[in-house]
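The values are calculated or read from the model by the stated rules, or taken from the named source; none is laboratory data. What you see is a predicted model; the values in this text were computed from it and never measured. Glycine also receives a Cβ, built like all others from the backbone with ideal geometry; neighbour counts cover every protein chain displayed. With ligands, DNA and RNA removed, areas are computed over all heavy atoms of the protein, side chains included. Shrake-Rupley method; radii C 1.70, N 1.55, O 1.52, S 1.80 Å.
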Amino acid sequence: MTKDDVADALDEIGTLLELKGENAFRCNAYHNGARTVRQLEGDLRELVDQNRLEGVRGIGEALREKISTLVRTGELPYLETLRSEVPAGLVEMLRLPGLGAKKVKALHDGLGIDTIAKLKAACESGAVAELKGFGAKMQQKLLEGIQFLGQVGNRVRLDLALPLGEGLLEHLRKLPGVVRAELCGSIRRRRETAADIDILISSSTPQPIMDAFVQLPEVIQVVAHGPTKSSVVVGLHLGGEKVVMNADLRVVNDEQFPFALHYFTGSKAHNIRMRQKAIDRGWVLNEYALGTSSTTIPCRTETDLYAALGFDYIPPELREDTGEIEAAEAHRIPALVEIADIRGVFHNHTTASDGSASLEEMALAAKRLGFEYFGVGDHSQSLTVARGMSPEVVRRQWAEADALNAKLKGIRILKGVECDILADGSLDYSDELLAGFDYVVGSVHTLFGMPEAEMTARVCKALSHPHLTMLGHSTGRLLLRREGYKINLDEVLKVAAKHKKMIEINAQPLRLDLDWVYVKRAKALGIPLVINPDAHSPGELDLFRFGVDVARRGWLTREDVFNTRSLTEVIRELDRRKGT
Ligand code: DGT
Ligand code: CA
Ligand code: ZN
């Protein structure tokens, strides 16, 4: 039992008590206790054994007793009882936007709703709108939320699935008898979310590898344990979130590895087209081999496999059957942008708005990543929830940037802003002030409910503003949480191209917005793209790499991405734009 496991249990108790209608004070005691446990210093087992939890603020006697039981026995009968008393569907309903424990309880008490399916039916019949405290608007919102949940299912964001998968891979690679081991599936293709972790290993001794796999520390449940295929549920705490997902392991012999790697990497659409290409040559391609009924074509690697069919190697990010097979056939697969190509970033926050670190700390963190420039882009004045900067704060930040640029070696601070695009499409500062920035990122943060035509006009108007340099997170989506605002992106791209504006690929793993599908279209229109981490702390600067994944999925080369340029080139281009 780690601190996180214990804290999760306390949080769960708090939530279950809320759903039972316990008083808020008692419920909060558990949530606060959970937070305290997560932040405790030292080994929890020792703290319990030496009675050192006594006197810790936020952990009263009732909690202390439960923590001790959990740590000593790994179980908590009190929690088990609570779980059996509260229908599981109620907990699931909490995932819907706008539904807290009080409302879930009201739905349960008032209409007997204890599953999402029943909630959907009650919304469709209009019963929810009639319930006190709900109304037609809430009912509509719930229906939309249910539909969204149905679409996203149990997918997990790449920034969580990837480290979880890489952790498993690291354990597995150390096992005796493992020749090659790789992650496959959507994670290898760097899709922004994944349904499960697909792992492939080559070995001539699969059984002991299977046995070790189902016993890895991350495994919380074994779904299937076979001779060459096993399936488990894994769980891990990552950055304050508990990630739980399925992981499948397949073992093949080493001759089969490139074929299996190709097959399980997918996508399914790519595989189907590839198999057809093989058939066109009178061959068969499956997860074990390429060849005719009598002979097989030996391949050591995926590169060999593609070459056998007369193709260029296709990077996994492109394998979505959106033209990559034709390009490989014509030897026109582009050299995709790489992490090492990125030389700076433009959209980041500091304590001047809602960031957690000073301008100097952020700039130094950027330098440590090997960047040549750090563009600061704090929020503008009207965004008060994010402590948007008044013109005075802006001028103070400029002076600070000048002083730091005189002092710091090896990193150059560029003076930018993430300027709000107001409801009517105008920008949030006077033209005079805007002219003083090195560049302006324009973003929408308010009135997400606007009709599509209005939102499109709003953003397009901002794109025509002479001082706007690039458009920030263009739909406002939060992956697996909320859809973006309604906007005609094709129109937006057309207008951006016309005014020669850049478009950001927001690399926050929760956003990854512009979506890769539109990245590809932006490139076709000649629009320069910019990969920005939208960092709110020094550690988040490194998130830029998830933006590189999106750029690669959008077929971008180094030339297509503005922040692959050197500092000198960037300054020259920004100056040129300001002159026009
Ligand atoms: P996911 O798991 O939804 O994030 O996406 P994938 O692409 O990882 O899908 P998954 O895990 O169901 O399957 C892994 C790969 O296996 C998939 O990308 C392609 C291959 N595959 C799975 N089912 C089929 C199929 O019916 N036909 C073909 N040709 N390939 C398949
Ligand atoms: Ca998968
Ligand atoms: Zn923003």
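A few comments on the model shown:
- Cα pair count fraction exceeding 16 Å, expressed as % - the stretch 402-506: 59
- Whole-percent pair-distance distribution, where bins are 5 Å wide, for the alpha carbons of the stretch 214-349: 2, 8, 14, 15, 13, 13, 13, 11, 7, 2, 1, 0, 0
- Accessible area (Å², per residue) of the chain, counting only protein heavy atoms and a probe of 1.4 Å: 45
- Inter-part distance, the stretch 478-500 to the stretch 229-258, computed on C-alpha centroids, equals 35 Å.
- In the stretch 154-254, one over the average inverse separation of all distinct C-alpha pairs is 13.4 Å, which is the Kirkwood hydrodynamic radius.
- One chain, two ends: residue 542 and residue 287. Fully extended at 0.36 nm per residue, the span grows by 88.2 nm beyond their Cα-Cα distance.
- The C-alpha atoms of the chain occupy a region whose extents along the principal axes are 73, 71, 56 Å, arranged from largest to smallest.
- Amide hydrogen neighbours beyond the local backbone of residue 375, cut-off 5 Å, H modeled: 345, 346, 414
- This model, with +1 at the C-beta of Lys and Arg and -1 at the C-beta of Asp and Glu, gives the stretch 140-297 a dipole about its Cα centre of some 460 debye.
- Over the stretch 154-254, relative contact order from alpha-carbon pairs under 8 Å, at least 6 apart, %: 28
- D (Stokes-Einstein, µm²/s), Kirkwood Cα radius, the stretch 339-578, 0.890 mPa s at 25 °C: 141
- Put 447, 40 in order of accessible area, highest first, and with a 1.4 Å probe you get 447, 40.
- Antiparallel %, DSSP beta bridges [both residues in the stretch 154-254], to 5: 75
- Placing a label point 7 Å from the Cα of residue 361 along the Cα-to-Cβ line, the residues of the stretch 539-555 whose backbone N sits under 17 Å from it are 539-543.
- Residue among 403, 492, 51 farthest towards the positive dipole end of the chain, charges placed on Cβ: 492
- Panel note: the C-alpha atoms of the stretch 110-207, placed on their principal axes, show extents of 64, 26, 16 Å (largest first).
- Over the stretch 315-362, the hull volume per residue, using the convex hull of the C-alpha atoms, is 133 Å³.
- The antiparallel fraction among DSSP beta bridges confined to the chain stands at about 45%.
- Loop-located GluC sites (Glu not before Pro) in the stretch 39-137 (DSSP state not H, G, I, E or B) with no more than 16 neighbouring Cβ atoms inside 10 Å: 41, 54, 75.
- Principal axis dimensions, the stretch 492-543 - Cα atoms, whole angstrom, descending: 36, 19, 13
- Across the stretch 1-142 the C-alpha pair distances fall into 10 Å bins from zero in the proportions 11, 38, 24, 17, 8, 1 percent.
- Calculated [θ] (222 nm, deg cm²/dmol) that DSSP helices of n ≥ 4 give over the chain, each run adding -39,500 (n - 2.57): -13000 deg cm²/dmol
- The chymotrypsin sites (Phe, Trp or Tyr not before Pro) of the stretch 18-97 include none that DSSP puts in a loop with a beta carbon having at most 16 other beta carbons within 10 Å.
- Residue 575 paired with residue 399, simple spin-label distance in nm, labels 7 Å along Cα-to-beta-carbon: 2.6
- The stretch 3-152, accessible surface, carbon-and-sulfur percent (1.4 angstrom probe): 48
- Listed residue pairs exceeding 24 Å between alpha carbons, taken from 3/174; 141/268; 118/486; 367/520; 132/486; 118/141: 3/174; 141/268; 118/486; 367/520; 132/486
- Take every Cα pair under 8 Å whose residues are at least 6 apart in sequence, average their separation, divide by the length of the chain, and the relative contact order is 9 percent.
- Of all accessible heavy-atom area on the stretch 262-333, the percent that carbon and sulfur account for (1.4 Å): 53
- Computed label-point distance, nm, for sites residue 118 and residue 406 using a 7 Å Cα→Cβ extension: 7.0
- Kirkwood hydrodynamic radius of the stretch 262-333, from the reciprocal of the average inverse Cα-Cα distance over all distinct pairs: 12.1 Å.
- Across the stretch 262-333, the mean sequence separation of Cα contacts (distance under 8 Å, 6 or more residues apart), normalised by length, yields a relative contact order of 29 percent.
- The ellipsoid that matches the Cα gyration tensor of the stretch 459-580 has semi-axes, each √(5λ) in whole angstrom, of 21, 18, 14, with the longest given first.
- Across the stretch 195-207, computed HN-Hα scalar couplings (Karplus, 6.51 cos²θ - 1.76 cosθ + 1.60, θ = phi - 60°) run 7, 7, 9, 9, 10, 10, 10, 10, 6, 9, 10, x, 4 Hz from first to last residue, x flagging Gly and Pro.
- Rounded percent of accessible protein surface that carbon and sulfur make up, the stretch 154-254, 1.4 Å probe: 50
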